[in-house]
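Notes to accompany the following structure.
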Amino acid sequence: MNIARFTPLRISSSEQEFILNFSLLEHDLIHFFKIRDFDHAISRINKFKEVHPINWIDAEILNQLLLGLIGSLTAASYTHNLNLNDFLKLRLYFFNFIKKSPCTSSTFWPLSNDIITTYFNLLDNFDFHVSYQNLSKQVALTAYYISAHPQELTNSHGVLHTLNLNNDYTQKLFKKELGFSINAYIQHIKLSEAKRLLLQRQLSVGKIASLLHFYDTPTFSKTFKKAVGLSPLKYRELNYLSLTSQSY
């Protein structure tokens, strides 16, 4: 395996402090990305710029920090979004862009804003985020049960039967309060669980399809690829390569 090797940089104490503070900024940006809070992400960047000048930061350090931010945003998309293939393409695009046009102190923040804005724009068009505030008891219970039992889900009728809730009434109320159907949410949770299980290399794709109650392996693979843009095996391969590269 070819391992990328970088020439060691002589980093001053001031640059070390900047790297540490930027790492904290990156942590906050990933948090805002996961909860889809674009306004606070941009606000956090603007506040950071006010107190952390970069004119004296080595350009190589700035470029490495941006590459790290891109990698972290892409990694966050693995478990929080279904359109993974789009994020992988975006990562490659920014990597190539920085390789061809390395940033300087004058372009670092504009490029940072472009990266954050583009990643946020690529979030799933259909937002399945559930906030339990202001939900009726029936809808809150249904949503909580689905998210807490990803390997016990078949369809909306089975969930509502288990919870002893009126089928027609709860279906309509769920769609009204959250904007998507119970079955759509079940599919989202099952595919998110599939992504987690695919990281466990001892589980075959067929076993995962069975655990998540798909009709058969081809149905699972077709559903997964349609939502994620990658086959289950390709998703596993890319995540394995990503985790391996991060360990070096």
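Evaluate the relative contact order of the chain (contact order divided by residue number), counting alpha-carbon pairs under 8 angstrom at least 6 apart; express in whole percent.
18 percent
Any idea what angle helix 38-51 forms with the longest principal axis of the chain, computed on alpha-carbon atoms, 0 to 90 degrees, nearest 10?
It is inclined by approximately 20 degrees.
Using the beta-carbon distance between D39 and K99 and R0 = 30 Å, what value does 1/(1 + (r/R0)^6) give for FRET efficiency, to the nearest 0.05?
0.45
From the helices alone, meaning DSSP H stretches of at least four residues, give me the mean residue ellipticity at 222 nm for the chain, per-run term -39500 (n - 2.57), in deg cm²/dmol to the nearest 500.
-22500 deg cm²/dmol
Roughly speaking, what is the stretch gain from T118 to L233, that is 0.36 nm per residue apart minus the C-alpha to C-alpha distance, in nm to one decimal?
Gain in length upon complete extension: 38.7 nm.
Compute the long axis of helix 232-246 from its Cα atoms, compare it with the longest principal axis of the Cα atoms of the chain, and write down the angle in degrees, 0 to 90, nearest 10.
30 degrees
Just list whichever of K99/K226; K100/K234; K172/K207; K137/K176 have alpha carbons separated by over 24 Å in the model shown.
In this structure, K99/K226; K100/K234; K172/K207 lie more than 24 Å apart at Cα.
How about region 145-226: which GluC sites (Glu not before Pro) there are in a DSSP loop, with at most 16 other Cβ atoms within 10 Å of their Cβ?
E152
What whole number of Å gives the distance from the Cα centroid of region 6-75 to the Cα centroid of region 176-211?
If we compute the Cα centre of each part, the gap is 33 Å.
Read the figures in this text as sums done on the coordinates, not as results from a lab. What you are looking at is a predicted structure, and each value in this text was computed from that prediction instead of being measured. Here the Cβ is made from the backbone with ideal geometry for all residues, glycine too, and neighbour counts use every protein chain on show.
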